[in-house]
Structure formats: C-alpha cells, structure tokens
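Novice: Starting off with a structure, shown below.
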Amino acid sequence: MGALAIIMAGTALAAPTPPEWPAVDRLFFPGATASETRGQGMTSDGTHWIFSGTRSLETADAGFHTLKRRRHAIPPSLGRPSALSPIGLNHIGDIDYADGRLYVPLDSSHVDPATGKAYSHPVVAIYDAHTLRYTGHAYPLRPPHGTDDIASWIAVDPAKGEAYGIAYHDARELAVYDGADFTFRRYIPLSRPVDQAQGGKVRDGWIYFATDGRGKAIQRANIATGAVQTVASLDTGGDREIEGLCFQFTPNGMLLHVLSREDERPGSGNGGIALYRLATP
C-alpha cells in the first residue's frame, strides 16, 4: 500500500459556488482484494474505518490496515428471493454508521423479468458494526416516485431521526425516510439535478454526494432548502469510477475522503482503489 501526494418544487434557490476544496493527499490500495472489499463505500465509527465492497464488508484501523474482513456479507436470507426482493439481493452500495450499527443499502444487479430492470428492489439492512454481521432487520425503500436505482448509498442523521437517498440518474429531489423503519417521509426538491451519485453523507445540515457523472463532481445539497453546490472535482485524467465518501475529524481540521476505482498511475494497468483526501473549509 503506497501513498501518493497529491422549499417547494421549483422554488429551491441556487446557492453561490463555494471555493473548491483542494485534494491534499491520495492513498492507493492496489490489487483485486482492495477493489473487492473497498470498492463501494466507507464510513467510520470514530476509531475504525469500515469499507464496503459489492458483496463484502471490511474493518480497518486508523492507518487503513485490515482488521476484519467479511467477503460474503450478504447472508443467504437476503441473497435468495424473498418478500424484500423477488430476485434476491446481491449488491452493496455506500454504507453509513450510527450508534454501533451499519446501515447497508442493498439491491440486485440482475434484471427482474417482471419489470425488465435491474436495481429495482432497494433495501436497507442493519448490520452490527463490530461483527459486520446482519442483525436480521431489513427494510424496503418505497418512495412514491419509484424505486428505480435508488440504493447506491444511504445516509443517516441519527440526531434528526432521518435517512436520505436519491435516484441515480439526474435526481431532482432528495428522498427523506424515517430513520427507524425507512418509511418515506417527504421529498426535498433540488435546485439542480445531481447525476450518478455513488456515495452520500450528512454533515452540518448538508448532504454530500460523490458523483461519477460529468466532471466527477463532489456536490452537496442543503437539507433545508434543496440548494445544490459543487465543492470539488476529481476529473484529473485517466479512467476512474468515483464511489463512496466519508468525513474525518483530525487535529488539523475536517477532511473529506472520496473513493475512486482507478489505476495506481493512469494507464499502468495496476488497478485498485484510490482514496482522495480533501481539505474542507
């Protein structure tokens, strides 16, 4: 592992663009194992890092050394057809943490013959953050405007008792769920679309998105007004896929961590996961 330096629909007001948050560091986790276990999302319990892969979960220490890895984190009860999904669940997105629990968004990459769509059975499953095991509690997401590809990530705000999510393609509204059972509460219209968000986290009244669309932008939306801003771009050349994100308090201030699937150097063929650390105001 090396380190390389480096309020109603239609009325949400656009906010001025803040100064771009600079990338102050880039870590690279090489190889297939990193891609498998760290390639979807990340969160923290304040002491450890917790990563998600497409089907896995991993705990690491403060220096990103693996402490625990569960390669097959989706249990058979969720993987096979059930009342939650008629075709089963096989894909984990960007996760979140609160009060000893992991909130794990799940869906299926397989096409449902009944709907002709993949990613159409979104579920949030609750895991024990220490053991990385499923607790037996899972909740379908059923917002009124549809369930097509809305579980790439889930963000929770335990202080408000809410959780948040958006559609993957050109989302124009933020869905607000009950933080206990994930029943739908309301939509917050967004001042402009957010496209291809692969990660989301809440901080200080804003929800932050890591997007894999045009510009590989890091954006945020004000939860009270729906105003959207761009705070950074990771479109720095080379093929990459932006994934999840996570904040970290440090003695020198707050950092925003963003995951990206890419080569160690553009075109090297040495694939893995890059972790960009951005300084926040």
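Novice: Can you tell me how many residues within region 173-206 are assigned to a strand (DSSP E or B) and either touching a helix residue (DSSP H, G or I) at 6+ places or on another chain (Cβ under 8 Å) or among the small types (Gly, Ala, Ser) (or both)?
Specialist: Of the residues in that region, 5 qualify.
Novice: A further question follows. Tell me, please, whether a residue that is modelled with pLDDT of 95 or more, on the phi > 0 side of the Ramachandran plot and buried (at least 18 other Cβ atoms within 10 Å of the Cβ) can be found in region 177-192.
Specialist: yes
Novice: Still on this structure: May I ask you to verify whether LYS201 is under 19 Å from GLY53 (Cα atoms) and open to solvent by less than 50 Å² (accessible area, probe 1.4 Å)?
Specialist: Against the criterion (under 19 Å from GLY53 (Cα atoms) and open to solvent by less than 50 Å² (accessible area, probe 1.4 Å)), LYS201 qualifies.
Novice: Continuing with this model, one more query. Just checking, how many residues over region 140-161 are crowded, with 19+ Cβ neighbours inside 10 Å and assigned to a strand (DSSP E or B)?
Specialist: Adding up the residues that qualify gives 4.
Novice: Which strands (runs of 3 or more DSSP E) sit wholly inside region 27-139 and have at least 1 residues that are surrounded by fewer than 16 Cβ atoms within 10 Å (Cβ to Cβ) and either modelled with pLDDT of 95 or more or in contact with a Ser or Thr (Cβ under 7 Å, 6 or more places away or on another chain) (or both)?
Specialist: So the answer is 66-70, 123-128.
Novice: Sticking with this one: With the checklist (1) at pLDDT 95 or above; (2) in contact with a Ser or Thr (Cβ under 7 Å, 6 or more places away or on another chain); (3) open to solvent by 10 Å² or more (accessible area, probe 1.4 Å); (4) over 20 Å from ASP149 (Cα atoms) in hand, flag the one item GLY215 doesn't pass.
Specialist: Here GLY215 meets the rest and fails (1).
Novice: Between a first residue in region 152-163 that is over 14 Å from ARG186 (Cβ atoms) and a second residue that is modelled with pLDDT of 95 or more and surrounded by fewer than 18 Cβ atoms within 10 Å (Cβ to Cβ), which pairs have beta carbons less than 7 Å apart while being 6 or more apart in sequence or on different chains?
Specialist: Hits for this filter: VAL156/ALA98; PRO158/ALA98; PRO158/ASP99.
Novice: Return a yes/no flag: does region 208-219 have any residue that is touching a Phe, Trp or Tyr at 6+ places or on another chain (Cβ under 6 Å) and not small (Gly, Ala, Ser).
Specialist: Yes; the residues of region 208-219 include at least one that is touching a Phe, Trp or Tyr at 6+ places or on another chain (Cβ under 6 Å) and not small (Gly, Ala, Ser).
The values are calculated or read from the model by the stated rules, or taken from the named source; none is laboratory data. The model shown is predicted, which means the values in this text are computed figures rather than measured ones. Counting neighbours? That spans all protein chains shown, and the Cβs are built from the backbone with ideal geometry, glycine included. Calculation scope for accessible area: heavy atoms of the full protein, side chains included, ligands and nucleic acids excluded. Shrake-Rupley method; radii C 1.70, N 1.55, O 1.52, S 1.80 Å.
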